[in-house]
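Inspection log for the structure reproduced underneath, given as structure tokens.
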Amino acid sequence: MATGLDDLGVFCSDPLGGPNVPGGPGGDYTQMKTRFREFLREYRTTDGSFIYREEIKRAIDTYTNFIVVNLGHMTGFDSSLAETMAKRPTQAFEMLEEAAKIVADELTRPRQDNEPIDDDFQVQLISGSNSRSIRELSALDVGKLVKIPGIAISSSTVKAKASILSLRCRSCQHTKSNIRIKPGLEGYVLPRKCEAESSASRDPCPLDPYILVPELCKCRDFQNIKMQESPDSIPTAEMPRHVGLYMERELVDQVVPGNRIEITGIYQIRRQQVQGPRGRDKKTAGGVGIRQSYIRVLGVEVESDGPGRAGNDRNRFTEEEEETMRELACKPRIYDIIAKSIAPSIYGCEDIKRSVACLLFGGSRKVLPDGNRRGDINVLMLGDPGTAKSQLLKFAERCAPVGVYTSGKGSSAAGLTAAVVRDQHRGFALEAGAMVLADGGLVCIDEFDKMRPEDRVAIHEAMEQQTISIAKAGLVTTLNTRCSVLAAANSVFGRWDDTKGEDNIDFLPTILSRFDMIYVVKDIHDATRDATLAKYVMNVHTGAANREAGANEIDMQTLKKYIQYCRSTCGPRLNGEATKKLQNQYVLMRQTMTEGERATGKKGAIPMTVRQLEALIRISESLAKMRLSPFATGADVDEALRLFRTSTMASASAGALSGG
């Protein structure tokens, strides 16, 4: 019994049925299929339109061969249909697709040359029900319909899987045709003996006589995706969970690594394979009953712009939460309150905290005919150890809607961007790195100076164009990295040496110019400041257990929600006053820098170019976004100029950014 069980690749749910389940042994299969047909033909929306009739006609006319069905509509039409789909989806979904083909045939008669409806006409499901996390799935869910959110971290190349087989005996040419293969990752075991009638005039056929006849087989495209929990939903100190996805037909190539997706599918299991030498599958490890789970995807919803982008997160807030967010935005000094709420346990660093606040809110992304202009802000902190740079990074990572933290010493170019790896079928798969996983959020890179120079060069495109271009092992694609970068680095000498000037850092101007604001953080020896700092730190430690947000502070959870709300609902632009002021200041700064270069006879590491002008625009927009204003004013431009002068301009003027 165990041997026969082990021969099968996948074990689906029990057959649709039972004494009380429509469509099973105690019900009528034809009646259930008829109800699905009636649903597709008769369901109408509140405005009276037959949406599924129209969808089916459109699919046939445009040769797309798929329709999307909302399970909420099915529940409203007949709750028993939706209940059957949830509890016995394998067979119910097959009946739904058969019903869709029947309706398509009825609606499109007569057709030119009486061509038949494509046998691969596909139904895709979406659901408005509450989703569950990957770590909530258990053995009780096998064979059930599930809705799971997550992030795609790798994708295989598109392959073909037979849906209808034809076999031929090598000895007697006996043919077996129209063998249907169950959908999913289930395979088919070839008969060990020839099934032709024996004859005295010929020798018996040998064992394992059947071979595939490729030209008589019918195949479907399929693709394997690995989906992981979103970084922002993983509990602290927990390893992220992931699950394999099986997508077929029109669902292939809909998802790329880095996409945040919500899938509706059937939770299934298959035999667990272990890779042996040279990539050959060995027998199941750990015992006969060990099975590996995966989800056969029936429908997928992809967030087009990443989390924290306009439109994607708006529906996640209740009316009470939206009212709270609007009340916060109306506070007269919300910018100062937010700045005080950034890492309140760290003393001082006011301008750096204000810059981190600007980074978390971000500017407005522009989509132009000739390409996109990034709205994300990048900040670099250079300086002495023990100046709370890493603590600021950790706070920002926890406060961002999507945050990924990594250390420069343990980060390679592939780990930050993307890699091409071998999958379990000995093919190539694309695997997303930290910046792709943080699409729509924030990447914190500590020990930025410890990275190898060639690895730092790999993130040039990701920081400015906000894409990663891959051309490896036959895979040519582009992935989105629409994220901010907050990096921290130490001096080459460990501590910052003012006498060394430009020798303190070993960064090329090409990487420095991609940061909107660059701060040099020094550990200044001052008795009065040291006493104040020591008192502040002691108060933090003695009151750590019961510390609450002060009167002019926002707690972290509220601040995180406010950041997410502002990013998803507000995309400010410069008004006329701000535009004019920024134009004049840009020209003035260009002249000042040119005069300084002439006086010293040395080029600056960061020339004042349009890239820096765009940085000022982004900072101004982020300041307006903090108060949910549709326009950035002259006051926002003044503050953006002040932050830029106290960071990048001050560091460049001191000769700290000449680079190596």
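Overview of results
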quantity: Label-point separation, ASP523 to ARG291 (7 Å along Cα→Cβ), nm; calculated: 5.9 nm
quantity: Reachable lysines from LYS87, criterion Cα separation under 18 angstrom, eight or more residues apart if same chain; calculated: LYS33, LYS144, LYS147
quantity: Calculated FRET efficiency for the pair THR558/PHE631, C-beta based, R₀ 25 Å, to 0.05; calculated: 0.45
quantity: Net charge, ARG642 excluded, C-beta distance under 12 Å - Lys, Arg +1, Asp, Glu -1; calculated: -3
quantity: Computed label-point distance, nm, for sites PHE428 and LEU207 using a 7 Å Cα→Cβ extension; calculated: 4.0 nm
quantity: Label-point separation, ALA139 to ARG58 (7 Å along Cα→Cβ), nm; calculated: 4.5 nm
quantity: Region 131-226: GluC sites (Glu not before Pro) in DSSP loop, at most 12 other beta carbons within 10 Å; calculated: GLU195, GLU197
quantity: Cα gyration tensor shape of region 314-385, rounded if a/c is under 1.5, else prolate or oblate by comparing a/b with b/c; calculated: oblate
quantity: Difference of contour (0.36 nm per residue) and Cα-Cα distance, ASN584 to SER407; calculated: 59.7 nm
quantity: Cross-link table LYS340/LYS366; LYS340/LYS522; LYS176/LYS226, entries beyond 32 Å C-alpha to C-alpha; calculated: LYS176/LYS226
quantity: Region 161-266 - charge dipole about Cα centre, Lys and Arg +1 at Cβ, Asp and Glu -1, debye rounded to 20; calculated: 500 debye
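Every number in this text was worked out from the coordinates using simple rules, so none of it is lab data. Because the structure is a prediction, the values reported are computed rather than measured. Please note: Cβ atoms are built from the backbone with ideal geometry, for glycine as well, and neighbour counts cover all protein chains shown.
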